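Enquirer: Here's a structure for you.
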Amino acid sequence: MRLILLLVGYTTLLLAITIFHLGARYILPAPWDQINVIFIFLLFFLFIRQSGSVIWMTFFSHMLIELYTTTPYGIVLYSSTLAMVAMHWFMIRVITNRTWYSVTLLSIIGLLLYRSLYTLGIIITSFATGQVYNWRALASDLGWELCLTSLVVAGIAVLLHLIQVRAFHPFIGKIYERSRGTTFRY
Amino acid sequence: MPKDRSQLRLIIGVSVITGLVVIAHLIGWLTPIERLFRSITNKGSQAVYTLSIQVHDASETFDSVGELQAAYQTTKEALLDTQVDATRLQLLEDENQELKARLGYMMSSTYQTIGAQVIGKNIEPLANTIVIDRGAADGIAVGNPVIVDDGIIVGKVSRVEEHTAIIRLLTDSQSRVGATIVNRDKSLGIIEGGYAISVRMTLIPQNEIINLGDAIITSGLESGTPRGLYIGTITSVQKETYQSFQEAIVQPAIDSNKLHTVGVLITS
């Protein structure tokens, strides 16, 4: 029963995040519509929970995103999941503190990895299908995504520190305690 | 070392599972699940897309009363010209029908329009697409042209699901449409997207004369796309004497960021 409730909860959360991501793309003006909302959510989920379940959340959320793309099926799915695997490894093995700049660095690394794999997938499939892409427009959009998403990540991390959630909200404080008592610090 | 091995196993596991999911998708095993999730997310997508249209419409303003008056005057004059052209067009259509009847001309095919609502747009960097709420169940197929206002083409169907379809707009870098310039030479060419909000007409013979402001329509040489669908007007001509063909920059007639309802042309 608990498992079913957990499954329903995670599914609802993923659907909500996907719709929120779509909404941000539609409503925000250019270039702010390039902000990757799903990535931001998954990154903070990884940072706060420090759980490998974020990899499967990434997998299933991007399976939903694949329904709205015209690139060959699997490119977005594989590149995003692999990037999250690498980010998880970086967080555990390389980035040992929990400061706002470490989460921003992780965001930059993750996005670079994700979009590098994505671009590689596009190049490979373009050889196979003969499709021609506007590489300059792609580079511009990905550059904006990297800058603005990382900026938002840094802003949220600083905000979380300023709010001091551990002091104000006992429930969220317990999440921090469960994640070995880490908080966002300067 | 053991942790690195487990990391490697994780990467291999993810790769294998992704591969299996891709194969399952291509075979069609995932279709029921995708249909279920799509029906849920489409409702949310439709709501936020409608909101985005309202937000972007509200953001258009005029800096001064004078600018508003000038825009109003321009619109009034354009409306009057359009009314004159519409009358002239109707007379020509009547004459055309009469001449065809005299020649015993048989129409090889007729087109039917299926109305659809736009429920979303592209969320990836490479594409310029919209999502509509009609699909294979309504008779839509890949390659069907998509129009607005009874005769302005905005794109073609790129991908079809049971109850939704993805439309590749003219401004998409993968978009290719056969076109004709409404000039003395009836110049033929290809409309290509991928140039921000404009499109480019390529493969126009070097020796043919094209002018700024010339109208572009579909050539009808592609299967499934009738002749005469309006595309836009020429805003710039690029001609080099050493090249075999010249190119024209075309301003599409419709702002594809504000589409709410479209029509899909299917062959009946």
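The values are calculated or read from the model by the stated rules, or taken from the named source; none is laboratory data. Here the structure is a predicted model, which means the values were calculated and not measured. Here the Cβ positions follow ideal geometry from the backbone for every residue, glycine too, while neighbour counts run over all protein chains shown. Ligands, DNA and RNA are excluded from the accessible area calculation, which covers all protein heavy atoms including side chains. Shrake-Rupley method; radii C 1.70, N 1.55, O 1.52, S 1.80 Å.
Residue-wise test of (1) at pLDDT below 90; (2) more than 14 Å from A:VAL37 (Cα to Cα); (3) polar (S, T, N, Q).
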residue	(1), (2), (3)
A:THR104	no, yes, yes
A:ILE123	no, yes, no
A:SER126	yes, yes, yes
A:GLY130	yes, yes, no
A:ASN134	yes, yes, yes
A:SER140	yes, yes, yes
A:GLY143	no, yes, no
A:LEU148	no, no, no
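Enquirer: Within region B:108-118, is even one residue crowded, with 18+ Cβ neighbours inside 10 Å, in a loop (DSSP other than H, G, I, E, B), over 15 Å from the mean Cα position of the chain (by Cα) and not aromatic (Phe, Trp, Tyr)?
Expert: Within region B:108-118, not a single residue is crowded, with 18+ Cβ neighbours inside 10 Å, in a loop (DSSP other than H, G, I, E, B), over 15 Å from the mean Cα position of the chain (by Cα) and not aromatic (Phe, Trp, Tyr).
Enquirer: For residues in region B:148-160 being part of a loop (DSSP other than H, G, I, E, B) and open to solvent by 40 Å² or more (accessible area, probe 1.4 Å), which is nearest to the other protein chains (Cβ to nearest Cβ)?
Expert: B:ASP149
Enquirer: Scan (1) surrounded by 10 or more Cβ atoms within 10 Å (Cβ to Cβ); (2) over 31 Å from the mean Cα position of the chain (by Cα); (3) away from chain A (no Cβ under 14 Å) for the single condition B:LEU10 breaks and write down its number.
Expert: Against the list (1) surrounded by 10 or more Cβ atoms within 10 Å (Cβ to Cβ); (2) over 31 Å from the mean Cα position of the chain (by Cα); (3) away from chain A (no Cβ under 14 Å), B:LEU10 comes up short only on (3).
Enquirer: Only one of A:TYR68, A:TYR101 is of a type in the set (Phe, Trp, Tyr), surrounded by 21 or more Cβ atoms within 10 Å (Cβ to Cβ) and on the phi < 0 side of the Ramachandran plot. Can you tell me which?
Expert: So the residue among A:TYR68, A:TYR101 that is of a type in the set (Phe, Trp, Tyr), surrounded by 21 or more Cβ atoms within 10 Å (Cβ to Cβ) and on the phi < 0 side of the Ramachandran plot is A:TYR68.
Enquirer: So, one more: Take B:SER198 and decide whether it is in contact with a strand residue (DSSP E or B) (Cβ under 6 Å, 6 or more places away or on another chain) and hydroxyl-bearing (Ser, Thr, Tyr).
Expert: yes
Enquirer: A further question on this structure: Any residue at all in region B:129-147 that's open to solvent by 50 Å² or more (accessible area, probe 1.4 Å), within 26 Å of A:ILE122 (Cα to Cα) and in a loop (DSSP other than H, G, I, E, B)?
Expert: Yes: one or more hits.
Enquirer: Further question: Identify the residue in region A:113-134 that is surrounded by 15 or more Cβ atoms within 10 Å (Cβ to Cβ) and of a type in the set (A, V, I, L, M, F, W, C) and, among all such residues, is nearest to the chain's Cα centre (by Cα).
Expert: Ranking the candidates gives A:LEU113 first.
Enquirer: Considering every residue within region B:202-213, establish whether at least one is closer than 20 Å to A:ALA137 by Cβ and without any contact (Cβ under 8 Å) to a residue 60 or more places away in the chain.
Expert: Yes, region B:202-213 contains a residue that is closer than 20 Å to A:ALA137 by Cβ and without any contact (Cβ under 8 Å) to a residue 60 or more places away in the chain.
Enquirer: State which residue is nearest to the chain's Cα centre (by Cα) when the search covers only region B:26-49 and only residues that are open to solvent by less than 40 Å² (accessible area, probe 1.4 Å) and not aliphatic (A, V, I, L, M).
Expert: B:TYR49
Enquirer: I need the full set of residues from region B:197-244 which are in a loop (DSSP other than H, G, I, E, B), open to solvent by 80 Å² or more (accessible area, probe 1.4 Å) and under 28 Å from A:TRP135 (Cβ atoms), in order please.
Expert: B:ILE197, B:LYS239, B:GLU240, B:TYR242, B:GLN243, B:SER244, listed by residue number.
Enquirer: Quick one: how many residues across region B:57-83 are part of a helix (DSSP H, G or I) and either facing chain A (nearest Cβ under 8 Å) or more than 30 Å from A:LEU28 (Cα to Cα) (or both)?
Expert: 10
Enquirer: State which residue is farthest from the other protein chains (Cβ to nearest Cβ) when the search covers only region B:161-194 and only residues that are modelled with pLDDT under 90 and in a strand (DSSP E or B).
Expert: B:GLY193
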